[in-house]
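**Student:** Below you will find the structure I want to go over with you.
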Amino acid sequence: MRNKSIIAAFALAGTLFSAQEKNEFVAPNENLVAQNILPIPKSLGQSLKKYSESRNASLADIHPNGNEIIAVTRFASTNQLYRIAMPMGARRQITFFDEPVNIASYEPTKGEYLVYSKDTGGNEFGQLYTLNLKTLESKLLTDGGRTQNGGITWKKDGSGFYFTSTKRNGGDRDIYYMNPLKPEETKPVLELKGGGWGISDISDDHKKLLITEYVSANDSYLYIYDTETKKLEPVTDRKEKGIVQLNASFGKNPDEIYYITDRDNEFSRLAVFNLKTKKISYLTTSIPWNVENYDLSKDKSRLSFITNESGINKLYLMNTDNRKYTPVSDIPVGLIGGGKFSGDGKSLYFSQSAANSGSDIYKMDIASQNIEKWTESEQGEMQSADMAVPKLIEWKSFDGMKITGFYYPAPAKFTGKRPVLISIHGGPEGQSMATSLGQANYFPNEMGIAMIAPNVRGSSGFGKTYIAADNGYLRMNSVKDIGALLDWITTQPELDKDRIMITGGSYGGFMTLATAYEYADRIRCSMDVVGISDFNTFLKNTEEYRRDLRRVEYGDERIPKMAEFFTKIAPLNNIDKIKKPMFIVQGTNDPRVPVSEAIQMRDKLKAQGKTVWYLEAKNEGHGFRKKENIDFQRLAMIRFMQEYLLK
């Protein structure tokens with residue numbers, strides 16, 4: 001009876017525990033709705049603590065003086081902004097909110113204040129604020145409502161900035177101009193149709209804006225807006241399909257722009273487009289991988305760019321006069337982000353991480369290429385030896401297509417065939433890379449579970465044909481790629497084909513749910529995090545600013561044939577085929593995959609008598625961002641795995 005009372009207590013969020021039960025078990029906090037989750041012993045929480053106190057640091061912006069930065073890291077519950085004035089110097093916290101702050105931009109001349117973005121409860125309706133760096137006083141600049149505001153592009157003299165906002169109607173992303181010292185005088189600049197518009201750059205004379213229209217992972221277009229004539233002119237042809245054209249910047253020659261494009265190539269290359277002659281010069285053809293991003297120095301004489309080479313990043317430096325480039329060699333193998341030149345162009349700041357380390361910020365002297373570390377992010381009690389190092393694996397799918405992924409083996413201290421956790425990325429245009437597992441190192445290290453992070457068709461990083469190979473009616477082919485991975489597992493002598501769990505978030509959540517019914521006899525259990533249970537209802541209820549963007553990828557539910565296809569493949573309509581326990585995790589305020597997707601799946605599973613655990617956070621959106629919620633989710637996941645994967 002006592003055990004039943006504890007289970008009942010955990011089934012409803014906010015239920016009161018007896019004093020004895022509080023001492024023995026971890027209770028969900030007041031923002032969590034926890035249903036049907038078995039009691040979690042506090043001893044489990046203690047064992048996880050070694051893995052749950054790690055943190056990372058990333059670069060938000062560089063002060064105009066080039067010798068001070070704003071970093072993003074977490075010391076309490078959420079990511080906040082920190083000011084750092086020297087390598088390995090003290091991190092002075094400058095924002096103190098319950099909600100995370102991940103984006104900030106210095107006023108570009110004196111750097112006496114910042115403009116930053118913050119939402120509420122994970123709803124992604126980012127509002128802009130100023131932060132006075134002397135008083136640390138914040139001031140709201142935008143309307144504070146259900147609008148998205150961002151994409152700050154400063155005038156070079158710091159007198160104001162252009163930004164994008166959905167405030168006109170909630171669906172279209174227009175361009176506005178604001179002097180942050182007089183936000184009441186904010187003016188609309190350009191009305192646009194669609195939610196995929198963004199500002200790439202502003203000319204030195206402030207007369208022209210480079211604007212990008214993102215339609216899908218395979219289609220994007222460039223425009224120039226003249227702020228004096230008020231005319232929007234296309235740089236690329238809107239009638240051309242299947243071409244990526246992104247991240248445009250004005251070059252030293254005012255008639256030239258740098259940008260990233262996959263025109264006439266499988267991979268995205270760095271290119272220069274001459275606005276007068278319309279000639280394109282491709283600069284990185286010899287690198288058979290995507291250029292992910294780049295940064296131009298203020299004087300336009302140097303350029304840094306980062307490639308994605310089979311899930312590992314590499315950094316290159318280019319002289320823009322002769323357009324010759326060389327790789328930066330003294331960076332450990334891993335992931336690189338945020339490459340940004342100081343104002344004088346003499347230094348480059350970037351973040352770097354590896355499988356056996358967190359992310360930290362570095363500064364490189366351009367002349368000597370000497371690299372100095374600026375932050376040392378604590379990994380809690382974890383040591384490098386505690387962090388699983390991935391190896392690249394590959395297998396052939398049902399149609400012969402080669403699929404790859406990263407395999408994190410269990411340590412040698414575990415003997416016998418090891419259970420497997422397959423973790424599927426979202427996007428669907430995301431990519432699993434050779435990254436640190438962070439908290440998830442608990443699974444191989446303490447539970448002996450091998451982990452596999454696959455890059456099924458539709459993933460980015462492997463060429464334009466691959467990324468489009470799951471679009472529309474081809475959707476279930478990516479699920480078959482997981483079926484082929486299950487076949488691969490059966491051929492590995494160290495892996496247990498009879499103990500496999502599937503998990504994933506967002507689109508990876510759909511993949512998890514689809515695998516649960518397509519391969520019900522080949523898995524033990526599954527965990528869906530903010531996943532899509534029916535594309536028809538998802539497209540109906542996702543926020544308006546992203547609905548058409550998602551229709552390009554998934555298909556248009558307003559077309560009867562497509563709606564019929566969605567009905568056929570919906571996990572919600574195939575629950576009778578699901579045989580194994582399911583754990584569903586969701587944020588109440590999710591603007592991308594609405595909470596209704598989780599609720600309808602949970603309720604139908606329950607109605608059919610299936611085993612379903614449910615965890616919902618009332619102060620989260622598309623995934624958990626607050627440490628206390630993340631920790632409980634991880635503990636509940638471990639408890640679920642103990643019960644249904646390992647037993």
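The values are calculated or read from the model by the stated rules, or taken from the named source; none is laboratory data. Model, not experiment: these values are computed from the prediction. Positions of Cβ are backbone-derived with ideal geometry, glycine not excepted, and every protein chain shown enters the neighbour counts.
**Student:** Output yes when any residue across region 245-261 is basic (Lys, Arg) and either modelled with pLDDT of 95 or more or closer than 28 Å to residue 465 by Cβ (or both), and no when none is. Full working, then the answer.
**Tutor:** Residues of region 245-261 basic (Lys, Arg): 252.
Adding the requirement that they be either modelled with pLDDT of 95 or more or closer than 28 Å to residue 465 by Cβ (or both) leaves none.
No, because not a single residue in region 245-261 is basic (Lys, Arg) and either modelled with pLDDT of 95 or more or closer than 28 Å to residue 465 by Cβ (or both).
**Student:** Report the residue count in region 269-314 for those that are in contact with a Lys or Arg (Cβ under 8 Å, 6 or more places away or on another chain), closer than 25 Å to residue 456 by Cβ and hydroxyl-bearing (Ser, Thr, Tyr).
**Tutor:** Number of matching residues: 1.
**Student:** Got a sec? Which of 48, 59 is in a helix (DSSP H, G or I), crowded, with 17+ Cβ neighbours inside 10 Å and either of a type in the set (Gly, Ala, Ser) or touching a residue at least 12 places away in the same chain (Cβ under 8 Å) (or both)?
**Tutor:** Numbers: 59 fails: in a helix (DSSP H, G or I).
Matching residue, one of 48, 59: 48.
**Student:** Within region 617-632, is there a residue that is charged (D, E, K, R), farther than 25 Å from residue 76 by Cβ and modelled with pLDDT of 95 or more? Write out each step before concluding.
**Tutor:** Step one: list which residues in region 617-632 are charged (D, E, K, R), which gives 618, 620, 625-628, 631.
Next cut, farther than 25 Å from residue 76 by Cβ only: none.
Among the residues of region 617-632, not one is charged (D, E, K, R), farther than 25 Å from residue 76 by Cβ and modelled with pLDDT of 95 or more, which makes the answer no.
**Student:** Condition test on residue 436, is it in contact with a His (Cβ under 8 Å, 6 or more places away or on another chain), closer than 25 Å to residue 505 by Cα and buried (at least 21 other Cβ atoms within 10 Å of the Cβ)? Before you say what the answer is, go through the steps one by one.
**Tutor:** Values: in contact with a His (Cβ under 8 Å, 6 or more places away or on another chain): no; closer than 25 Å to residue 505 by Cα: yes; buried (at least 21 other Cβ atoms within 10 Å of the Cβ): yes.
Criteria not met by residue 436.
**Student:** Right, something else. Just to verify a result, which residue in region 170-217, among those that are surrounded by 17 or more Cβ atoms within 10 Å (Cβ to Cβ) and basic (Lys, Arg), is farthest from residue 255 (Cα to Cα)?
**Tutor:** Among them, the one singled out is 173.
**Student:** So which of 493, 560, 581, 571 is of a type outside the set (Lys, Arg), in contact (Cβ under 8 Å) with a residue 12 or more places away in the chain and out of contact with any Ser or Thr (no Cβ under 8 Å at 6 or more places or on another chain)?
**Tutor:** 493
**Student:** Cβ-Cβ below 6 Å, separation at least six or inter-chain, first residue in region 384-395 and closer than 16 Å to residue 421 by Cβ, second of a type in the set (A, V, I, L, M, F, W, C): which pairs?
**Tutor:** Partner pairs satisfying both residue conditions: 388/437; 390/355; 390/406; 390/434.
**Student:** Sticking with this one: Got a sec? Which of 214, 223, 258 is in contact with a Pro (Cβ under 6 Å, 6 or more places away or on another chain) and not small (Gly, Ala, Ser)?
**Tutor:** Working: 214 fails: in contact with a Pro (Cβ under 6 Å, 6 or more places away or on another chain); 258 fails: in contact with a Pro (Cβ under 6 Å, 6 or more places away or on another chain).
When all the criteria are applied, what remains is 223.
**Student:** Return the total of residues in region 82-98 being within 24 Å of the chain's Cα centre (by Cα), assigned to a loop (DSSP other than H, G, I, E, B) and crowded, with 19+ Cβ neighbours inside 10 Å.
**Tutor:** Selection size over region 82-98: 1.
**Student:** Further question: Assess whether residue 306 counts as being within 21 Å of residue 348 (Cα to Cα), aliphatic (A, V, I, L, M) and either touching a residue at least 60 places away in the same chain (Cβ under 8 Å) or touching a Cys at 6+ places or on another chain (Cβ under 9 Å) (or both).
**Tutor:** Against the criterion (within 21 Å of residue 348 (Cα to Cα), aliphatic (A, V, I, L, M) and either touching a residue at least 60 places away in the same chain (Cβ under 8 Å) or touching a Cys at 6+ places or on another chain (Cβ under 9 Å) (or both)), residue 306 does not qualify.
**Student:** Here is a further query. Here are 310, 329: which of them is at pLDDT below 95 and on the phi > 0 side of the Ramachandran plot? Explain how you work it out, then say what you get.
**Tutor:** Numbers: 329 fails: on the phi > 0 side of the Ramachandran plot.
After ruling out the rest, the residue left standing is 310.
**Student:** How many of the residues in region 347-367 are touching a Ser or Thr at 6+ places or on another chain (Cβ under 9 Å), in contact (Cβ under 8 Å) with a residue 60 or more places away in the chain and closer than 16 Å to residue 301 by Cβ? Let's see the steps before the verdict.
**Tutor:** Start the filter on region 347-367 by keeping residues that are touching a Ser or Thr at 6+ places or on another chain (Cβ under 9 Å), which leaves 348-366.
Going one step further and asking which of them are in contact (Cβ under 8 Å) with a residue 60 or more places away in the chain, we end up with 349-351, 353-361, 363, 366.
Next, only the ones that are closer than 16 Å to residue 301 by Cβ stay: 366.
Of the residues in region 347-367, 1 are touching a Ser or Thr at 6+ places or on another chain (Cβ under 9 Å), in contact (Cβ under 8 Å) with a residue 60 or more places away in the chain and closer than 16 Å to residue 301 by Cβ.
**Student:** Please count how many residues of region 131-169 are closer than 16 Å to residue 104 by Cα, in contact with a Lys or Arg (Cβ under 9 Å, 6 or more places away or on another chain), part of a loop (DSSP other than H, G, I, E, B) and in contact (Cβ under 8 Å) with a residue 24 or more places away in the chain.
**Tutor:** Number of matching residues: 4.
**Student:** Collect the residues in region 463-475 that are within 18 Å of residue 512 (Cα to Cα) and over 23 Å from the mean Cα position of the chain (by Cα), keeping them in residue-number order.
**Tutor:** 474
**Student:** Hey, another quick one. Restricting to region 204-245, count the residues that are over 32 Å from the mean Cα position of the chain (by Cα) and outside any loop (DSSP other than H, G, I, E, B).
**Tutor:** The total comes to 2.
**Student:** Right, here's the next one. For residue 172, state whether it is in a loop (DSSP other than H, G, I, E, B) and more than 26 Å from the chain's Cα centre (by Cα).
**Tutor:** Numbers: in a loop (DSSP other than H, G, I, E, B): yes; more than 26 Å from the chain's Cα centre (by Cα): no.
Against the criterion (in a loop (DSSP other than H, G, I, E, B) and more than 26 Å from the chain's Cα centre (by Cα)), residue 172 does not qualify.
**Student:** Can you pull out every residue in region 399-414 that is part of a loop (DSSP other than H, G, I, E, B) and surrounded by 13 or more Cβ atoms within 10 Å (Cβ to Cβ)? Spell out the reasoning first.
**Tutor:** In the first step, residues of region 399-414 are kept if they are part of a loop (DSSP other than H, G, I, E, B); the result is 399-401, 409-414.
Those that are part of a loop (DSSP other than H, G, I, E, B) and surrounded by 13 or more Cβ atoms within 10 Å (Cβ to Cβ): 401, 409, 410, 411, 414.
**Student:** Hey, can you tell me all the residues within region 294-318 that are out of contact with any Leu (no Cβ under 8 Å at 6 or more places or on another chain), surrounded by fewer than 18 Cβ atoms within 10 Å (Cβ to Cβ) and not basic (Lys, Arg)?
**Tutor:** Those that are out of contact with any Leu (no Cβ under 8 Å at 6 or more places or on another chain), surrounded by fewer than 18 Cβ atoms within 10 Å (Cβ to Cβ) and not basic (Lys, Arg): 299, 301, 309.
**Student:** Take residue 379 and tell me if it is in a loop (DSSP other than H, G, I, E, B) and under 24 Å from residue 65 (Cα atoms).
**Tutor:** Values: in a loop (DSSP other than H, G, I, E, B): yes; under 24 Å from residue 65 (Cα atoms): no.
Here the answer is no, as residue 379 does not meet what is asked.
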